[in-house]
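Please read the structure below before turning to the comments.
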Amino acid sequence: MSLVFTGICSHGPGITGRADLAPPELRDPFFAAYHAMRDALHATKPDAVIIVAAEHFANFFMNNMPSFAIGMADGYEGPIEDPDWLRIPHRTVRGDAALSRRIIAEVQQTVDLSYAEEWKFDHGIMVPLSFLDPENTLTVIPANINCQGPPLAPLARAWAFGEALRRAADAVPERIALVATGGISHWPATPDSGRVNEAWDREFLRRWALNDRALLTAYTDAETYADAGQGGFEIRTLIAAAAAARGPGTVHFFAPIPIFSTGCFIATAEIA
Amino acid sequence: MSLYQLSRLLFELNRDRALQDAFTADAAAVADRYALTEEERGAVLQPDIGLLYVLGVNGQILMHFAAFRQIAWADYLQMMRDGVRQHGPVRDGVYAMTSGLDEKVAGV
């Protein structure tokens, strides 16, 4: 039928795994914003949710690294991490291989992508799902943009991937929601974990809310690495979401929460 | 230096329960399947998280390996700092340290 929802959110493993170590005055409003996004998402009654993620070597590796990939299975397992470490129990998430196949076929009209009939979810998808789908009722179609193993697809290509996802969502009879998850500035899994460039993040979110393609794709990877860390490469997923939504965005929450190793944000965009 | 082989070992270990069981039973036998230098092999078997970090293993792969080895978060961060102190700056990849050796950005 159409794209019915677009939202973006943070996904760091500390958000669940180290939730008890975070200051409640920061953590609780962030979790409340996540829960509000859950309600808004479910209110659109999606038949499936495309989750545009930046996975962390759960499936794809430098032996054969796709810039863009979409899952095509009837079910997905996660998390790959130790469930006690992540504090998210293992679950099987429902997929829809036939729907994936139709979406992939449309995306392929303009984007060279890989499809995957096997896909294990890591924290990049499981942390958002733990908030957005605690009852495990949604049908999920995972999509991935390589943000880990350079060389990475240029930002303009991430925008084009988002455009293709929108065209595909509009082409199928099902109601499709899109959730993109990534970091803005962060230096995860390093001794610098917790460092956040708040000014850079606020400027990125301003550009995202404007849905301004030129501003969103103006960053070079060298600039992003210097100003926003290797975690900043994940803006690709957020840029794809903006391209899919086409409309202005609203940032519902943003705050650096160092123990979560990232600036934490929740935002949604109008479908235009 | 065979950072690709070293990374591949950890990548496969992180996502394959059967390989994890094999590694727990006989880590050296699993390491023998990969073309590692002696330094890399030793870092995996010890395990020396700090040296693995300095060798350039992607932080996302290393973080998952540390979790598999039941290393607590604060200890994991400190092991990387200690690795840089002992072995010098990160030699490869995009996960270089930008904070000071005694700086704890998030308090841990």
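The values are calculated or read from the model by the stated rules, or taken from the named source; none is laboratory data. All values reported here derive from a predicted model rather than from experimental measurement. Every residue, glycine as well, gets a Cβ built from its backbone with ideal geometry; the counts of neighbours run over all protein chains shown. When the accessible area is computed, the model is the full protein with side chains, heavy atoms only, and any ligands, DNA or RNA have been set aside. Shrake-Rupley method; radii C 1.70, N 1.55, O 1.52, S 1.80 Å.
Of all the residues in the stretch A:16-64, those that are touching a Cys at 6+ places or on another chain (Cβ under 7 Å) and under 19 Å from A:LEU138 (Cβ atoms) number 2.
Taking the residues in the stretch A:83-117 that are in a loop (DSSP other than H, G, I, E, B) and over 21 Å from A:PHE161 (Cα atoms) as candidates, determine which candidate is least open to solvent (accessible area, probe 1.4 Å). Among those residues, the one meeting the criterion is A:ILE88.
Remark: pairs (first residue in the stretch B:69-87, farther than 12 Å from A:THR190 by Cα; second residue open to solvent by 50 Å² or more (accessible area, probe 1.4 Å); Cβ separation under 8 Å; 6+ apart in sequence or on different chains) = B:ILE71/B:MET79; B:ARG85/B:LEU101.
The number of residues in the stretch A:188-233 that are within 14 Å of chain B (Cβ to nearest Cβ), out of contact with any helix residue (DSSP H, G or I) (no Cβ under 6 Å at 6 or more places or on another chain), in a loop (DSSP other than H, G, I, E, B) and hydrophobic (A, V, I, L, M, F, W, C) comes to 1. Within the set A:ALA177, A:ALA171, the sole residue that is open to solvent by 20 Å² or more (accessible area, probe 1.4 Å), of a type in the set (A, V, I, L, M, F, W, C) and touching a residue at least 24 places away in the same chain (Cβ under 8 Å) turns out to be A:ALA171. Looking only at the stretch A:168-187, filter to residues that are in contact with a strand residue (DSSP E or B) (Cβ under 6 Å, 6 or more places away or on another chain) and within 30 Å of A:ALA228 (Cα to Cα); which one of those is farthest from the other protein chains (Cβ to nearest Cβ)? Step by step, filter the stretch A:168-187, then rank; the result is A:ALA177.
Every listed requirement among (1) within 15 Å of the chain's Cα centre (by Cα); (2) within 13 Å of chain B (Cβ to nearest Cβ); (3) of a type in the set (A, V, I, L, M, F, W, C) is met by A:ALA143 save one, (2). Residues in the stretch B:1-34 that are modelled with pLDDT under 95 and either surrounded by fewer than 17 Cβ atoms within 10 Å (Cβ to Cβ) or not in a helix (DSSP H, G or I) (or both): B:MET1, B:SER2, B:ASP16, B:ARG17. Which one is modelled with the lowest pLDDT among residues in the stretch B:79-94 that are at the interface with another protein chain (Cβ under 8 Å from one of its Cβ atoms) and open to solvent by 10 Å² or more (accessible area, probe 1.4 Å)? Looking at residues that are at the interface with another protein chain (Cβ under 8 Å from one of its Cβ atoms) and open to solvent by 10 Å² or more (accessible area, probe 1.4 Å), I get B:VAL94. Taking (1) of a type outside the set (Phe, Trp, Tyr); (2) over 17 Å from B:VAL94 (Cα atoms); (3) surrounded by 18 or more Cβ atoms within 10 Å (Cβ to Cβ); (4) in contact (Cβ under 8 Å) with a residue 40 or more places away in the chain in turn, A:THR250 satisfies each apart from (3).
Tell me, yes or no, whether the stretch A:22-36 has at least one residue that is aromatic (Phe, Trp, Tyr) and without any contact (Cβ under 8 Å) to a residue 60 or more places away in the chain. So far as the stretch A:22-36 goes, no, none of its residues is aromatic (Phe, Trp, Tyr) and without any contact (Cβ under 8 Å) to a residue 60 or more places away in the chain. Look at A:ASN136 and say whether it is closer than 20 Å to A:PHE61 by Cβ and in contact with a strand residue (DSSP E or B) (Cβ under 9 Å, 6 or more places away or on another chain). For A:ASN136, the condition - closer than 20 Å to A:PHE61 by Cβ and in contact with a strand residue (DSSP E or B) (Cβ under 9 Å, 6 or more places away or on another chain) - is not met. When every residue of the stretch A:22-40 is checked against the conditions, none turns out to be within 14 Å of chain B (Cβ to nearest Cβ), closer than 22 Å to B:PHE11 by Cβ, surrounded by 17 or more Cβ atoms within 10 Å (Cβ to Cβ) and among the small types (Gly, Ala, Ser).
Evaluate the stretch A:154-170: report whether one residue or more is of a type in the set (Phe, Trp, Tyr), closer than 29 Å to B:TYR95 by Cβ and modelled with pLDDT of 95 or more.
Scanning the stretch A:154-170, I find at least one residue that is of a type in the set (Phe, Trp, Tyr), closer than 29 Å to B:TYR95 by Cβ and modelled with pLDDT of 95 or more, so the answer is yes.
Of everything listed in (1) open to solvent by 40 Å² or more (accessible area, probe 1.4 Å); (2) facing chain A (nearest Cβ under 9 Å); (3) in a helix (DSSP H, G or I), the single unmet condition for B:GLN70 is (3). For A:GLY194, the requirement of being in contact with a His (Cβ under 9 Å, 6 or more places away or on another chain) and either at pLDDT 95 or above or closer than 27 Å to A:HIS35 by Cβ (or both) is met.
Contact map, the stretch B:95-108: first residue at the interface with chain A (Cβ under 7 Å from one of its Cβ atoms) and buried (at least 20 other Cβ atoms within 10 Å of the Cβ), second residue part of a loop (DSSP other than H, G, I, E, B) and small (Gly, Ala, Ser), Cβ cut-off under 7 Å, separation 6 or more or different chains; pairs are B:TYR95/A:ALA189; B:VAL105/A:SER193; B:VAL105/A:GLY194; B:VAL105/B:SER99; B:ALA106/A:SER193; B:ALA106/A:GLY194; B:ALA106/A:SER261.
Take the conditions closer than 18 Å to A:PHE260 by Cβ, open to solvent by less than 50 Å² (accessible area, probe 1.4 Å) and not hydrophobic (A, V, I, L, M, F, W, C) and apply them to A:GLY17. Does it pass? Against the criterion (closer than 18 Å to A:PHE260 by Cβ, open to solvent by less than 50 Å² (accessible area, probe 1.4 Å) and not hydrophobic (A, V, I, L, M, F, W, C)), A:GLY17 qualifies.
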